[in-house]
Amino acid sequence: MSKVKTNVIGLTREDYKGGPTTLCPGCGHNAISNHIIQACYESGVDPFMLGKFSGIGCSSKTPAYFISKAHAFNSAHGRMPSIATGALLANPQLTGLAVSGDGDTASIGVGQFVHLIRRNVDMVYIVENNGVYGLTKGQFSATADIGSTLKKGAENPFEPIDLCGLALELGCGFVARSFSGDKKQLVPLIQAALSHKGTAIIDVISPCVTFNDHEGSTKSYDFVKEHDQPLQEIDFIPHYEEINVDYEAGDTVNVKLHDGAYLTLKKLDQDYDPTDRLAVMRLGHEARARQQLLTGLIYHNPGKPSFDDVSNLPEAPLHTLQPEDLRPSREQFEAIMQRLMR
Amino acid sequence: MTQQINDVNIQIATVNGTGSQSANLILMRSLFNMGVPVAAKNLFPSNIAGLPTWYTVRAHHKGYQANKQDIDILVVMNADTVYEDIRNLRPGGVLIHDTGMKLDHALREDHINYGVPFSKLVNEATDNVKLKKKVINMLYVGVLAHLLNIEPEAIEQAVNKQFKSKPPVAELNSKAIQVGRDWAAANLSKADPFVVESIPGSTEGKILVEGNDAAALGALMGGCTFLSWYPITPSSSLCENLIDYFQRYRVDAEGKNRFTAIQAEDEIAAIGMVLGAGWAGARSMTATSGPGISLMAELAGYSYYAEIPGVLFDIQRMGPSTGLPTRTSQGDISFAYDLSHGDTQHILLLPGSVNECYEMAQQAFDLAERFQTLVFVMSDLDLGMNTWMSDPFTYPEGGYDRGKVLDAEALATVQNFGRYADVDGDGIPYRTLPGTRHEQAAYFTRGSGHNAQAKYSEKKDDWKAGLDRIAKKFETAAREVPAPVLTSGQGTDYGIIAYGSTDAAMVEVLDLLQASQQAPDYLRLRALPFCAEVRDFIASHPHVYVVEQNRDAQMTRLLSAEYPGLAPRLRPVLHYDGSFVDAIGIVDQIVQAEVKQKEFANV
């Protein structure tokens, strides 16, 4: 009998599994769930200390399909950012991992998405982006490209919201885009996002096989494969492994992450610098005009303090504080009363 | 002329943003310092500066604190409202006006008129043009001090308290008050009956406080560690006070904050953060008003069904819609009680005094965690933003009720943990917190259908069992929320039910009714859901007046729905014009109704 393989904290991949999926066979979201499992397993995320968050929609169901040993909060439509903010501030020891969709994030939840990034809540925020409402059977979402069509032919007359562009504008310190079918790229990106302190946004194009995989869709498997423009070849080196700095100079960049891990980026486009925000914005606009889908690490800036840092919280979760930690003394209370007296 | 001692209702008509607040506080505190019980009401516009404001200080030896519609002494400092103010002043009332306003043609013979050259007199207090606008308000304090015979020491004490960190400011204001007082002594001959006399010991040890400050202090003592809020009148001062308390008393030895306070992007996010924090085990709260709870409706239902604790202070203002943002109301009662779609219900606490704002703020956190649900504290603008006299608050004894939480150690003794299982038969399930290191700890929180094991379910039996179990939980809650307070009367056969800020008027109502040979029993509700005592009270009276500050008799409707057999006994007595509720208005309605009742009985 061969020994079961375990990760750095001694857990098997089995320890990260979730319940059986109820999504359509072939749905991009199922692939992403597996990539999340793989990333958390490889990074040695402690399931007991993981908080899973989601809103409403097909994507938001998926936290039931990975890491059942972690608490999950499948909240209300578009409200996941506020729920996660409350939970992660109440207990900053938790690792926050959120899954949302393009409707949940870009339409009903765009306000909360914006303010989550503005506050830089320390969490991974994965958008499973298929450009369409699945559970209500195939309406456009706010990320659907102008000119793209619904299954029955209706054409979208509106400009899309580019979630990576929006995150960049808001000063998000970790912005990435990927494709549900690109395990090689997405797994290290999720690992890197987990290692980042602050809000990490990963916009993952995840085709809807039932409502948005036809010709005329710009979120179909065929379209994405054709227009995918990876920026880098990505590898993740966790904090517990040594890094070999053995690459051709100028060709590969090692991005150091907050927990000591590294993301190695082998450049495919020599001009792309994921730390130059203005250049990244310009390239993003240019790529969109060419209908190119830039994937990989779009932008990285580790310098911004996260919300729990700004909040100056103690290490222990707030619920562990006792009455004697929370109430002023009798003398202090008496002084408050005195102030209100004659 | 008979003197009227220690019973005077003084109103200052002014313009908001002119700094009259300091003068008004000094006036109120001076009376308080003499041992005369006081309460103050600020009727202010929804505006930053330039619109009319009326500040009323009521001094009464019996400690009546409710609004009184009739003004005894009116100081008019606002030229824009002066004609209306004069029109509204009751016959026999005292009018103090600025002779610079040239009002002679408008003055009424049935008033006692004192003209004071405020604009000229202010030059004697200061040469500084900038300060004149503020200091002029101190002059009326001086004039009133002379007319009412307020002790100079009481004023000095009040001035020093108001400007304790700024001695030169205190000195300047003292001087202005003296200028007013000296001028009045030399130029006015007293023609009104109102005087104050010191009552030794009467206000000694009492406090003056606003309900929102009291609630903030209660939240601090009650172990609130998480506040998320969106500014809205009249609730903002609760949050701001709490943040002040947090910064003063919740920074640990290492300089770390034992609290989180987040100004959210809107009320939806505010309640979302409260639920997230409550789910993670923090004692979390928000404070808002009617428009805010409208926005919070969806997540309120989530809290109900997914069973997540949280505390929500609703400082009620006048709706519907934007309504009257700076006017008080009890208009959110029925909306809050079942806030959200579907079959939903919430625990409502109904503080009737500043002391109860303090006490119920603490109880709310215990109840929220005990019952794993949102608890509403239904205060209002009158309670929350006006100044009330109270006995000092009590330092809490004992710990917090953190409810049924299973930690890793407890889970080790549990077989087959079910997040939504009714283990104890009281409808209250056990919960675990994220971050609990045990194989059984994790569960999936969802607002969609789930079974006792927190698994997704659309099965009819699971759904119904879940809703029925939560209903049972609220039956348990009805026995544990604050019980109503009964004041027994004698000799009449009817009862009165009231709640919240109306209680201040009810004290006076009962005295007035007694003076007209009626002594009804009075039941003050302190919480929803209703308990058996409420039913028994209605059942033991042929008819019961339900006094409330809304148009639709919301509590009457809730009582009628709860006890349909007793509904014909309930008679609403309503106050909903935006003014602070007063005793006379209530007594008039009851007395008229009683006359009709007797006429009807005699037919």
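Tabulated data for the structure shown
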read-out	value
Any hit, the stretch B:547-558, residues being assigned to a strand (DSSP E or B) and either of a type in the set (A, V, I, L, M) or farther than 27 Å from B:Q11 by Cα (or both)	yes
Extreme residue, farthest from B:K256 (Cα to Cα), among residues of the stretch A:267-300 that are among the polar types (S, T, N, Q) and touching a strand residue (DSSP E or B) at 6+ places or on another chain (Cβ under 8 Å)	A:Q292
Top-ranked residue of the stretch A:7-57 - restricted to ones that are among the β-branched types (V, I, T) and over 29 Å from A:P317 (Cα atoms), ranked as surrounded by the fewest Cβ atoms within 10 Å (Cβ to Cβ)	A:T22
Selected residue (criterion: nearest to the other protein chains (Cβ to nearest Cβ)) from residues of the stretch B:298-317 that are open to solvent by 10 Å² or more (accessible area, probe 1.4 Å) and not hydroxyl-bearing (S, T, Y)	B:E298
Count of residues meeting criterion [exposed (fewer than 11 other Cβ atoms within 10 Å of the Cβ), at pLDDT 95 or above and more than 7 Å from chain B (Cβ to nearest Cβ)] in the stretch A:311-336	3
Contacts under 6 angstrom Cβ, first residue in the stretch B:1-14 being outside any strand (DSSP E or B), partner of a type in the set (A, V, I, L, M, F, W, C) and open to solvent by 10 Å² or more (accessible area, probe 1.4 Å), 6 or more apart	B:Q3/B:V195
Qualifying residue in the stretch B:120-136 (condition: at positive phi and assigned by TED's automatic domain parsing to the domain that holds B:P52)	no
Lone qualifier among B:Y358, B:Y395 - being open to solvent by 10 Å² or more (accessible area, probe 1.4 Å), of a type in the set (F, W, Y) and either within 14 Å of chain A (Cβ to nearest Cβ) or under 20 Å from the mean Cα position of the chain (by Cα) (or both)	B:Y395
Residue tally, condition open to solvent by less than 70 Å² (accessible area, probe 1.4 Å) and free of Cβ contacts under 8 Å to residues at least 24 places away in the same chain, over the stretch B:439-468	7
In the stretch B:413-438, residue nearest to A:L89 (Cα to Cα) [restricted to those that are open to solvent by 10 Å² or more (accessible area, probe 1.4 Å) and polar (S, T, N, Q)]	B:T436
Members of the stretch A:74-102 found to be open to solvent by 10 Å² or more (accessible area, probe 1.4 Å), more than 8 Å from chain B (Cβ to nearest Cβ) and closer than 22 Å to B:G301 by Cβ, listed by number	A:H77
Residue count, the stretch B:75-86 (criterion: in a loop (DSSP other than H, G, I, E, B) and touching a strand residue (DSSP E or B) at 6+ places or on another chain (Cβ under 7 Å))	4
Answer from B:Q247, B:Q263 - the residue that is over 26 Å from B:P325 (Cα atoms) and more than 8 Å from chain A (Cβ to nearest Cβ)	B:Q247
Residue match in the stretch B:67-74 (condition: touching a Ser or Thr at 6+ places or on another chain (Cβ under 8 Å), outside any helix (DSSP H, G or I) and closer than 20 Å to B:D182 by Cα)	no
Top-ranked residue of the stretch B:193-239 - restricted to ones that are over 16 Å from the mean Cα position of the chain (by Cα) and acidic (D, E), ranked as nearest to A:Q322 (Cα to Cα)	B:E204
Residue ranges of helices (runs of 4 or more DSSP H) in the stretch A:11-107 with at least 1 members free of Cβ contacts under 8 Å to residues at least 40 places away in the same chain and among the hydrophobic types (A, V, I, L, M, F, W, C)	A:28-43, A:80-90
Condition check for B:R431: in contact (Cβ under 8 Å) with a residue 60 or more places away in the chain, more than 8 Å from chain A (Cβ to nearest Cβ) and among the basic types (K, R)	yes
Among (1) of a type in the set (G, A, S); (2) closer than 27 Å to A:A84 by Cα; (3) surrounded by fewer than 17 Cβ atoms within 10 Å (Cβ to Cβ), the one test that B:G272 misses	(3)
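The values are calculated or read from the model by the stated rules, or taken from the named source; none is laboratory data. As the structure is a prediction and not an experimental result, all values here were calculated from the model. Here Cβ is always computed from backbone atoms with ideal geometry, including for glycine, and neighbour counts include all displayed protein chains. Only protein heavy atoms, including side chains, enter the accessible area calculation; ligands, DNA and RNA are left aside. Shrake-Rupley method; radii C 1.70, N 1.55, O 1.52, S 1.80 Å.
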